[in-house]
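Here the structure is laid out as C-alpha cells; the discussion comes afterwards.
The values are calculated or read from the model by the stated rules, or taken from the named source; none is laboratory data. On a predicted model such as this, the values are computed, not experimentally measured, just so you know. Backbone-built Cβ (ideal geometry, glycine too); neighbour counts: all protein chains shown. With ligands, DNA and RNA removed, areas are computed over all heavy atoms of the protein, side chains included. Shrake-Rupley method; radii C 1.70, N 1.55, O 1.52, S 1.80 Å.
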There are 4 protein chains.
Amino acid sequence: MIGIGLVGYGYWGPNLARCVSESDGCRLAAIADASEKSRERAGQRHPSAQLHASWEEMLKDPGVDAVLIATPVCTHYEIAAAALTAGKHVLVEKPITETSEQAQRLIDMANRGGLTLMVDHTFVYTGAVRKIRDLIADGTVGDIYYYESTRINLGLFQGDVNVIWDLAVHDFAILEFILGAEPVSITAVGAGHIHRNQESLAHLSVHFDNGTLAHINVNWLAPVKVRQTLIGGSRRMIVYDDLEPSEKIKVYDRGVHLSADPQSANDVRISYRTGDMWAPQLSTREALLGVIEDFAASINGHGQPTSSGVSGLRVVRMLEAAAQSLSSGGHPVEFARLKAAS
Amino acid sequence: MIGIGLVGYGYWGPNLARCVSESDGCRLAAIADASEKSRERAGQRHPSAQLHASWEEMLKDPGVDAVLIATPVCTHYEIAAAALTAGKHVLVEKPITETSEQAQRLIDMANRGGLTLMVDHTFVYTGAVRKIRDLIADGTVGDIYYYESTRINLGLFQGDVNVIWDLAVHDFAILEFILGAEPVSITAVGAGHIHRNQESLAHLSVHFDNGTLAHINVNWLAPVKVRQTLIGGSRRMIVYDDLEPSEKIKVYDRGVHLSADPQSANDVRISYRTGDMWAPQLSTREALLGVIEDFAASINGHGQPTSSGVSGLRVVRMLEAAAQSLSSGGHPVEFARLKAAS
Amino acid sequence: MIGIGLVGYGYWGPNLARCVSESDGCRLAAIADASEKSRERAGQRHPSAQLHASWEEMLKDPGVDAVLIATPVCTHYEIAAAALTAGKHVLVEKPITETSEQAQRLIDMANRGGLTLMVDHTFVYTGAVRKIRDLIADGTVGDIYYYESTRINLGLFQGDVNVIWDLAVHDFAILEFILGAEPVSITAVGAGHIHRNQESLAHLSVHFDNGTLAHINVNWLAPVKVRQTLIGGSRRMIVYDDLEPSEKIKVYDRGVHLSADPQSANDVRISYRTGDMWAPQLSTREALLGVIEDFAASINGHGQPTSSGVSGLRVVRMLEAAAQSLSSGGHPVEFARLKAAS
Amino acid sequence: MIGIGLVGYGYWGPNLARCVSESDGCRLAAIADASEKSRERAGQRHPSAQLHASWEEMLKDPGVDAVLIATPVCTHYEIAAAALTAGKHVLVEKPITETSEQAQRLIDMANRGGLTLMVDHTFVYTGAVRKIRDLIADGTVGDIYYYESTRINLGLFQGDVNVIWDLAVHDFAILEFILGAEPVSITAVGAGHIHRNQESLAHLSVHFDNGTLAHINVNWLAPVKVRQTLIGGSRRMIVYDDLEPSEKIKVYDRGVHLSADPQSANDVRISYRTGDMWAPQLSTREALLGVIEDFAASINGHGQPTSSGVSGLRVVRMLEAAAQSLSSGGHPVEFARLKAAS
C-alpha cells in the first residue's frame, strides 16, 4: 500500500484525492494546503488523511511514500525537487514545470534517486486518445497529414499562465503520445483582449519531422465550448469530439487518390473516396484513475509511466518555443536551434 | 433592359445564367464558351441566348451591354480588360484577378470609361453576413476581438489555385465588408499533401488596425464539411454556421468583465456574463440574385456596387500577402511594407 | 423511347418532368395543366413537350405511351382510370387513390390491359431506405421490435388532405417495403388546431403480425423540421436521420440480453451490450430518377415495379384504417375485420 | 435545524443524502438500509449520520423530524404511512404510491397530523421547466396546442415497474405543473420485447380539458439517449432539450395564421410566421437541492410544497389510467368515468 501525500486541495486536488481513495494500491495518507478553508473541506471528505498547513512539514511524514502536486505551475519545481530530495516519488500536475531546464533537473534527480517522476497528462489516459494512438500505430489512419484541434470556451482566466499553458498543453501531450515524431518548428499568434500581457486566444502551428502539420486553436473568450480534433491521414480521417457523450471518435473511410497521369504533367487526376464511417466503442474508465494506477505501477517497479518526466519535459519544450514565437510577433521558431542553443 | 453576355458555362456559369434570367432588369443576350458540350447545355437551358465559341466574338455583339466572367482566374484580367475596352460593364467571379496590379488597372479602365466594375463576392449578399455587418455597425457586438473561421470539406481540388485562393477568399471578402478596418499583417502556414506545390490546407492569421485578430482555417482534405465562424466582441459574441438550415446566426450575450481593482495591481477581477442567446430571422433571398441586381443598379446609375472593383483589389492584396507569408515559411508579412514597396 | 405525358405541373410535376428528361429511355412528350400560368412555366422549361389545357385531350395523343399523374388526390382515380382505358401505362403520385376500392379497380384494369400501374413511393427508392431493407433482410438487425418515426415541420397545410395523408403515407410505404409483414391493428390519435376537421398533428401506432410495433408522429405545426426514424431489433438498432447530409443511417451494435435464470423465475438477468456504431456509405442517386427508371423498366417488360399498384393499395388500406380509428376517438381498428367487411 | 432520516441508500438515496448535507436548514440525522454494504457506503460518506438496518427502528429516533423515502415503489405506502403515524414529515420518491387510493390515504393522514407530505418530482424544480411554466403563465406561448415528449435510452430495466412508471411519470409531473389543466382521456400503446409482461416501450396520448394534446414516447430499448419535448402554442413554440449543456430551451416565434376569407368558405388562407429564435438563460441551481429546500420551507410553516402529496396523487391517477388503457389493448380511458367509479 503506497502512502500518498497530496499538496494542494484547490480546484483539481479533490479529484486526485478521490481517485487515490478509489484505487486499490494506494492510501491517501496526508493532504497539505496553506488555506484553512481548503483543509477543512479536505478533512470532511477524507477524515483519515493527516492534514498539514505546509507541504514542507508533510514531506517529513514517513508514511508518505509518494507526493501528488496540484499547486500553481510556478511552485511545481520547488515542491517536486524537495520531495525527490526527501526520497518521495512525484506526480505533478501539467505542465510539469515552468521551464525545460527545471524539468531536466527533476528528471536527473529522479534518475539518481531511483524514484518515479510523472506528470499528469490526463488526456493520454482517456479511452478516446488511446484508441486514436492504436489506430495510428496499426496503420489504419496511414501517414498523418494534419492534426487540427479546437479547444475553446468561456473562461476560466487564470492568474499565472496564459491560454496556451492552460489549454494547448493538452494537445502537446496528446501529440507527444500519438505521433511519436519530433517537432521541427512552431508558429504562435495570439491576443490578450482582457489583459494585454496574458493571451486569452492563440493559434499554434507545429511542423513535425514526419510531415504532420498540427494546428491548435485555444480561446478563453468563446461563446460556446468546443473540444474537437480532426486528424487527416492518407488512409483514413478521424473526428474526435470530446464533448460527445458516447461517440467521441468517428473514423471516416474518406480521402483522395492521386493517380499518375501519363498524358500530361499538368493534368491532375484526383479521385475522391467516400466510404463508411465507424465509431468504435471506447473504454469509459475514468482517465484520472488510470493516471494514479500507472503512477502506482511504476513505483511498484513496472518501469516508466506513460506520461513520464521526459514526456513532461518534451511538452514544456513546446510551450517554451510557442512563447518565443508569440513574443517575436509570430515568427516561426525552430526546435533544432533551441536544442543547439541549450 | 440590360443585355448580359456570359463568358464561361462550366461549374458556376449556369448559376449566373439562371439568376440573370430570373432578375427583372436584365436579359441573357449571349453565352460564350469554347467547349461545344457546354454550349449545347447552355442552348438547351437558354434557347433565346446567342451562343459563341469565342468571347472575343461575343464582345462585338452590340446587344451585349455588360459581361459576366466565370472562367479560370488566370483569364480574368485579359477578358475583363477587353470587355471594358469594348465599352462593356464587367462583373468578374472571385477573386477579381491574379494580381493586385491587374485589379488596379481594371479599376482605372472602368473609371476612365465610366463603366461599372464589380466582383462576385457572393457571401457579402447573404442574409447572414448582412445581419452580422448590421450587428457590428449598430454596436451590438462592441469592439471586435476576433474572427475565427473554419471552412473545410473534402475536395474540390482545383487546377490553377490553392485552397487559399479557393476558400479563404470568401473570408477576406466578408472581413472587408463587415469590419471596415485595414489589415496590418498576415501570417500563413500551409501544407500540400497531395501536390507539394499546391496547398490543400492552410491557416491564416490577420491583424487589423482596429485590434481584431482574424484567423481562417481552410482545408480541402477534411472528412466533414464545416462552415463556421465565431466572432467575439466586447459586448456580444456571434456563432455563424452557414450549414444550419434555419438558425445560421446565434448571438450570445456572453463575455467577461474586468473590474478595476483598488487593492492590488496584480489581483485580477474578472466576472463572467452568461445571458440569453438569440437567433435572428434572416432574409432567405438568394445571394447571387442580389449580386446581379446590385450590378444592374450600378449600371443604371445608382453608384458603386457593394462588392466593387476596389473591394476586389483589397481582397487580392490579402491573397498576395498570404502567398508571400506562405512562401517565406510562415513569417508575418506587413501590409504597410507592401504598400511602400508598390 | 417511351413517350411520357405528365398531368399536373404544380408543386411536384416539375420534378417529374425534369427526371423524365434526364432519364435515358423516356421522352417528355406532353404536359397537361388547366392553369395557363403553369403551362407557360412548363413551356419555358420543356419547349419540345406538347402542351394541353385538358388531360382528356392529352390522352388522345398517340405519342403518349405512359401517363404520370401529379394532381390532387381526389382526381387520381378518374384520370388513372381514363388513362388505363386509353391503353396508357400509369404512374400516380402518392397516395395512389382516395379509397382502397378505387385502388383495387385500377389494379384490375391494369391487369386486364397488360399495362403497368405504379405509385410514386419515392422514399422506397432512396439509398437510405434500400440500405435499411438490406440490413433487415440479411439478418443484421434481427427481429424488429419497433419502428419509431418522427416526421414534423412547419406547414405545408394542404387543401384536400390531413397530415396523415400527407406525411404518414411515407412511413406506411417504407414499412410496406422493409418489413414484409401484415398490419394487425392501428390506433390513431390527432388534433386539428387550425381547422377543426383537418388534423395537423397525429400519432399512429400499428401492430404487425411479426411482432413489430410501429409508431408514426406527424405534425404540420412543429417549430423545427425533423425526419428521424429509430428501428430497434434484437441484434442491432438503426437511427435514420433523413436531414443528415451524409450519415443518414447509423447502425448501433447495442441491445440487451436476457439470460435464463435457473435460480428464480422472478429474478431478472439482463445484460446490456454497447458496441461500435457504423454509418454505411449510401447511394446518392436521386430517388425520383429511380422511380422513373423502374416505371420504364416495367413498361419494357421487366415485371412489376417495386412500388406497384398493389403496394399503393396496401398503403391506402392503412390510411383508411387510420382514418377510421381517428374518427372513433382513438379506438384500435383491426385489419382482419376490415378485410372481412370488404 | 430539521433532523432528516433517509430510508434507502441504493441508486437515488446517495443524491438525497448529499443534498441534505449541502442544504442550510437540514441535518442528515439517520440513514436506514437493510443492506449491510449500503450502510457501509453510507457511513463512509456521512460519518455523522446514525445508521439503521430497519426503517421501523429509525422512526423511533426522536432526532428524526422528517423522513425521505427512496425505496422501491411497492414499499412507499407502508413506510410513508408509518412515518406519518410516528409524526414525521414525509418526502417520497416518484411516483408517490402504487395506487391513487394509497396516495389519498397518505394525504388524509398528513392533513390530520398537520404534517408535510411531498413527492420528489425533481423536474418541476429545474430551471428549464420553471422557465417553461413562466412562458406559458405569462401568455408568451399562447394556447397550448400540443406537448410532445421523447424520453428514450438504453436501459435501465427495473424489477418492479414498467417504462411508463419509470419514465412517463416525469412528463405527467411536468404537465401537472406547467398546464394547470385537467386530463380528459388517455390512450396507451406499448410492447414488452424482453419481458412479455413488462412494457419496455410505450406511447401515451393525453387529451386535456384546455384542448392540449400531450404525447409521451418512452423506451428502454433505444440506441441513443433522447430527452426532448416540443410544446406548440398559438403564439410561440418551445423546444426543450434536457441533454443540451447550456441552451436547454429554445423559444421560436413561429406559427400559422388563419385569416378569415370573404371570397369562399372552402378556400383556406393560411400564412406562416417564421421569426426569431431565443434561448433564455436558465438557472443552473441543482433541482434536487430545490426539492429539499421546498420540503424544509413547508415544514417550517411556509405552506404546501410545489410537488405536494396532491400533485403526487394526480400523477398516480394518470399512471393508473395509462395502465388501464394499456391492458385494454389501447382503448381510450376517460378520467370522468374513473372519478365517477371511485
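In the stretch D:117-155, the qualifying residues are those that are among the charged types (D, E, K, R) and part of a helix (DSSP H, G or I), and the one that is nearest to the other protein chains (Cβ to nearest Cβ) is D:Lys131.
Is it the case that D:Lys131 is of a type outside the set (Ser, Thr, Tyr), in the same structural domain as D:Ala322 (by TED's automatic domain parsing) and within 25 Å of D:Glu22 (Cβ to Cβ)? Even if it seems obvious, please write down each step before you answer.
Numbers: of a type outside the set (Ser, Thr, Tyr): yes; in the same structural domain as D:Ala322 (by TED's automatic domain parsing): yes; within 25 Å of D:Glu22 (Cβ to Cβ): yes.
Judged against the criteria, D:Lys131 is a match.
Counting the residues of the stretch C:325-338 that are closer than 18 Å to C:Phe208 by Cβ and either within 13 Å of another protein chain (Cβ to nearest Cβ) or modelled with pLDDT of 95 or more (or both) gives 4. Scanning the stretch A:164-179 for residues that are open to solvent by less than 30 Å² (accessible area, probe 1.4 Å) and among the acidic types (Asp, Glu) turns up A:Asp166, A:Asp171. A search for C-beta distances below 6 Å between a residue of the stretch A:5-18 that is at pLDDT 95 or above and any residue that is polar (S, T, N, Q) and part of a loop (DSSP other than H, G, I, E, B), counting only pairs 6+ apart in sequence or on different chains, returns A:Val7/A:Thr71; A:Gly8/A:Thr71. Among the residues making up the stretch B:209-234, a single one is modelled with pLDDT of 95 or more and among the basic types (Lys, Arg): B:Arg227.
Considering each of B:Ala297, B:Ala321 in turn, give the residue that is open to solvent by less than 10 Å² (accessible area, probe 1.4 Å), more than 14 Å from the chain's Cα centre (by Cα) and more than 14 Å from chain D (Cβ to nearest Cβ). Steps first, please.
On the way: B:Ala297 fails: open to solvent by less than 10 Å² (accessible area, probe 1.4 Å).
Residue meeting the stated conditions: B:Ala321.
The one condition from (1) hydrophobic (A, V, I, L, M, F, W, C); (2) touching a Phe, Trp or Tyr at 6+ places or on another chain (Cβ under 7 Å); (3) within 18 Å of B:Leu288 (Cβ to Cβ) that B:Val119 does not meet is (2).
Restricted to the stretch D:235-249, and to residues that are closer than 17 Å to C:Ile152 by Cα and facing another protein chain (nearest Cβ under 9 Å), which residue is most open to solvent (accessible area, probe 1.4 Å)?
So in the stretch D:235-249, the residues closer than 17 Å to C:Ile152 by Cα come out as D:236-241.
Subset that is facing another protein chain (nearest Cβ under 9 Å): D:236-239.
On the way: D:Arg236: 70, D:Met237: 1, D:Ile238: 0, D:Val239: 14 Å².
Per the criteria, the residue is D:Arg236.
Is one or more of the residues making up the stretch B:9-22 of a type in the set (A, V, I, L, M) and under 20 Å from B:Gly87 (Cβ atoms)? Even if it seems obvious, please write down each step before you answer.
Looking only at the stretch B:9-22, we keep the residues that are of a type in the set (A, V, I, L, M), and these are B:16-17, B:20.
Narrowing further to those that are under 20 Å from B:Gly87 (Cβ atoms): B:20.
Checked against the condition, which is being of a type in the set (A, V, I, L, M) and under 20 Å from B:Gly87 (Cβ atoms), the stretch B:9-22 yields at least one hit.
So, in the stretch D:180-222, how many residues would count as being β-branched (Val, Ile, Thr), at the interface with another protein chain (Cβ under 8 Å from one of its Cβ atoms) and open to solvent by 20 Å² or more (accessible area, probe 1.4 Å)? It would help to see each step written out before you state the result.
Our first condition is that a residue be β-branched (Val, Ile, Thr); within the stretch D:180-222, this holds for D:184, D:186-187, D:189, D:194, D:206, D:212, D:216, D:218.
Subsequent filtering for residues that are at the interface with another protein chain (Cβ under 8 Å from one of its Cβ atoms) retains D:187, D:189, D:194.
Keeping just the survivors that are open to solvent by 20 Å² or more (accessible area, probe 1.4 Å) gives D:194.
The number of residues fulfilling the criteria is 1.
Considering B:Asp171, B:Asp160, the condition of being within 12 Å of chain A (Cβ to nearest Cβ) and outside any strand (DSSP E or B) is satisfied by B:Asp160 alone.
Inside the stretch D:269-291, residues that are surrounded by fewer than 24 Cβ atoms within 10 Å (Cβ to Cβ) and in a helix (DSSP H, G or I) make up a count of 4. Checked against (1) in contact with a strand residue (DSSP E or B) (Cβ under 9 Å, 6 or more places away or on another chain); (2) under 25 Å from C:Leu289 (Cα atoms), C:Tyr125 passes all but a single condition, namely (1). Any chance the stretch B:69-87 includes a residue that's assigned to a strand (DSSP E or B), under 19 Å from B:Ser311 (Cβ atoms) and open to solvent by less than 40 Å² (accessible area, probe 1.4 Å)? Yes - at least one qualifying residue is present in the stretch B:69-87.
Before we move on, is C:Ala53 open to solvent by less than 20 Å² (accessible area, probe 1.4 Å) and either free of Cβ contacts under 8 Å to residues at least 40 places away in the same chain or small (Gly, Ala, Ser) (or both)? If you could, list the steps in order and put the result at the bottom.
On the way: open to solvent by less than 20 Å² (accessible area, probe 1.4 Å): no; either free of Cβ contacts under 8 Å to residues at least 40 places away in the same chain or small (Gly, Ala, Ser) (or both): yes.
So C:Ala53 fails the test.
When B:Ala30 is tested against (1) modelled with pLDDT of 95 or more; (2) open to solvent by 10 Å² or more (accessible area, probe 1.4 Å); (3) more than 22 Å from C:Glu22 (Cα to Cα), just one condition goes unmet, and that condition is (2).
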